[in-house]
């Protein structure tokens with residue numbers, strides 16, 4: 001049964017496939033280790049690939065929207081930091097007649113190989129328009145549920161970063177709470193970079209929403225690696241508001257304030273090491289969503305980074321409401337890092 005189509009042109013020097021790079025000795029053989037081991041290593045090193053230029057697999061998921069060109073440009077910029085891109089475009093399965101065995105087989109039969117070949121050709125033209133001729137990344141066109149197919153492709157290719165477009169949604173869509181980007185970010189085991197129209201391919205100012213937990217620490221490290229030299233990283237922590245007696249004009253300093261200050265200091269020193277960047281901090285009090293959106297208005301970042309939290313990592317339930325709301329708000333590009341995987345091999 002036909003499942004999709006891959007472009008067949010061999011990638012040129014500088015954009016070779018991961019298998020070719022391994023065969024030529026340009027990627028160490030140990031890169032074939034499992035995605036879980038790789039993710040655990042990334043958390044202990046701060047995603048070294050963006051910092052060192054060592055080759056790593058990047059999956060560029062292009063949907064039929066106005067984010068395609070900027071997503072291509074961002075992926076192309078990341079090749080200077082070691083990214084080896086692969087492109088996937090997913091067409092949603094057609095609704096089959098009642099007698100058809102499945103939407104997948106029905107779509108494959110109706111669309112056929114010519115559809116996928118034309119889709120790959122159009123994507124190649126779009127890539128050439130965005131970054132110039134000579135960029136010949138492997139391209140795959142498939143049919144199915146977009147989030148599922150993107151995650152399957154990322155796992156099959158051992159991708160270490162997914163680049164996908166995000167859009168601003170209205171109140172109804174935000175109330176629904178899910179789209180392709182949020183589903184990929186909520187179920188994936190690797191960082192996801194959500195791009196939007198107007199995003200620059202080089203980040204000079206990044207805001208990191210942090211609770212000083214491990215996934216937020218990872219988000220801060222990756223954000224620091226994405227920054228241009230001498231760029232600014234702004235760490236934002238939001239404390240929940242608490243009632244203040246009428247006879248107390250200001251909230252008094254507390255041990256919690258000292259703990260936040262210590263958290264800022266430790267994280268700043270950690271991510272600033274061996275980097276020519278400026279790290280600032282911002283402590284706000286109130287509703288986390290409202291305060292983070294207000295902070296973003298003040299900071300006006302090129303990108304917001306945040307670590308996701310899930311109620312049950314094993315079942316990969318949807319993103320927490322804070323991260324999902326920021327993504328669906330859609331005014332800023334988003335970097336979302338997953339929770340660190342728990343190593344159960346020794347149990």
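Here are a few things to note about the model shown:
- Residue count, region 289-305 (criterion: touching a residue at least 60 places away in the same chain (Cβ under 8 Å) and farther than 15 Å from residue 204 by Cβ): 3
- Residue 151 at pLDDT below 70 and either touching a strand residue (DSSP E or B) at 6+ places or on another chain (Cβ under 9 Å) or assigned to a strand (DSSP E or B) (or both): no
- Test: residue 186 is out of contact with any helix residue (DSSP H, G or I) (no Cβ under 8 Å at 6 or more places or on another chain) and buried (at least 19 other Cβ atoms within 10 Å of the Cβ): no
- Residue within region 129-148 that is without any contact (Cβ under 8 Å) to a residue 40 or more places away in the chain and over 21 Å from residue 189 (Cα atoms) present: yes
- When residue 173 is tested against (1) buried (at least 18 other Cβ atoms within 10 Å of the Cβ); (2) at pLDDT below 90; (3) in contact with a helix residue (DSSP H, G or I) (Cβ under 8 Å, 6 or more places away or on another chain), exactly one condition is not met: (1).
- No other residue among 274, 253 is exposed (fewer than 10 other Cβ atoms within 10 Å of the Cβ), at pLDDT below 90 and under 27 Å from the mean Cα position of the chain (by Cα) apart from 274.
- Residues (at pLDDT 90 or above and in a loop (DSSP other than H, G, I, E, B)) located in region 56-81: 62
- Among residues that are out of contact with any strand residue (DSSP E or B) (no Cβ under 8 Å at 6 or more places or on another chain), under 16 Å from residue 207 (Cβ atoms) and either assigned to a helix (DSSP H, G or I) or modelled with pLDDT of 90 or more (or both), residue 283 is not included.
The values are calculated or read from the model by the stated rules, or taken from the named source; none is laboratory data. Since the model is a prediction, treat every value here as computed from it, not as a measurement. Cβ coordinates were reconstructed from backbone atoms using ideal geometry, including for glycine residues, and neighbour counts include every protein chain displayed.
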